[in-house]
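Novice: Quick one: the structure is below, questions incoming.
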Amino acid sequence: MDAALRSLLDWYAEMGVDVPKVPDARPMRAKRPAPTATPKETPSTVTAVPKTDLSKVKTLDALREAMNGFDAGALSDGARQAVFARGNPEANLMVIGEAPGRDEDIQGKPFVGRSGQLLDRMLGAIALGEDDFYVTNVVNWRPPQNRNPKPDEIELCRPFIEKHIELAQPKILLLVGGISMTALTGLTGIMKNHGQWQDVTIAGTTYPALPLYHPAFLLRRPELKKDAWRDLLSLREKLLSL
Ligand code: URA
């Protein structure tokens, strides 16, 4: 069977959707055990939060340039490059994740590692291809040792995500993970808030925003994929209603 079709059917099955059993000539790959070592916490890279003035930035290209030239102190010093965006900037849907990881730091694009592949499969399951969404993060440089971004690192990067939304003018925001949800809505607790539509107002425009479980979290907690599937169906409905 075609690998893409197999991957889609596997995702449906994992989410508790009934799919017919299709024989596969290839043996199933054994699941890798979850890593047990937790990365050591490192202190925030930010000592003082300088206010970034992006008022003269009028295009996405100019924003990318401003980001590339921005000195985020130890945060940017510790990363290979700024990670801006991927996908279609004209799309109705803007997907906002947390921060780049190792693969994103190397490639300079958001969500290109293992969780990015799952994100693409999740969006593919509601018939969204690369051209149907635009992806970025609330923090644009990889935090040391892949740890979660700290609140002051999020504040440091806030002008970039706000300007990014203002310039891309999407119709809908998908807030991937608790950190992105908290950064843009102020809500805490992705377990209780996922799937609940919120309003996010940036530069005078209000966007409907849907918090979704982060794919990295779903890789650790596959039993939650059923809930993620429900949230994705709600996203699809909203997109179809535009
Ligand atoms: N996780 C995120 O939140 N963003 C990325 O770009 C990669 C992994």
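Where a number appears in this text, it was derived from the coordinates with a stated rule and is not lab data. Keep in mind that this is a model prediction, so the values were computed, not measured. Positions of Cβ are generated from backbone atoms using ideal geometry, with glycine treated the same way; all protein chains shown enter the neighbour counts.
Novice: Can you work out the Karplus-derived ³J(HN,Hα) for every residue in the stretch 95-104? Use 6.51 cos²θ - 1.76 cosθ + 1.60 with θ = phi - 60°, whole Hz, and x for glycine or proline.
Specialist: 9, 10, x, 8, 7, x, x, 4, 5, 5
Novice: Would you mind checking the radius of gyration and Dmax of the stretch 46-112 based on alpha-carbon positions, in Å?
Specialist: That works out to 12.9, 37 Å for Rg and Dmax.
Novice: Something else: For the stretch 182-196 and the stretch 99-169, write down the distance between their C-alpha centroids in whole Å.
Specialist: 17
Novice: Please report the net charge: other residues with Cβ closer than 13 Å to the Cβ of GLU65, K and R +1, D and E -1.
Specialist: Working: positive: LYS56, LYS58, ARG64, LYS163; negative: ASP61.
Its environment carries a net charge of +3.
Novice: Same structure again: State, to one decimal in nm, how far the label point of LYS56 lies from the label point of ASP152, with both points 7 Å from Cα in the Cβ direction.
Specialist: 2.8
Novice: Okay, moving on. Per the Kirkwood definition applied to all pairs of different Cα atoms, how many angstroms is the hydrodynamic radius of the stretch 90-144?
Specialist: Values: mean 1/r = 0.0869 Å⁻¹.
Taking every pair of different Cα atoms in the stretch 90-144, averaging 1/r and inverting gives 11.5 Å.
Novice: Between ALA127 and GLU166, what FRET efficiency comes out of the Förster formula 1/(1 + (r/R0)^6) with R0 = 35 Å and r the beta carbon distance, rounded to 0.05?
Specialist: Values: r = 28 Å, r/R0 = 0.80.
Plugging the Cβ-Cβ distance into 1/(1 + (r/R0)^6) gives 0.80.
Novice: At R0 = 25 Å, how high is the FRET efficiency between GLU41 and LEU219 if r is their beta carbon distance? Nearest 0.05 is fine. Please report the intermediate quantities before stating the final value.
Specialist: Details: r = 21 Å, r/R0 = 0.85.
With a Förster radius of 25 Å, E is 0.75.
Novice: P(r) for the stretch 86-215: what percent of alpha-carbon pairs falls in each 5 Å bin, starting at zero?
Specialist: For the stretch 86-215, the binned pair fractions read 2, 11, 22, 26, 23, 12, 3, 0 percent.
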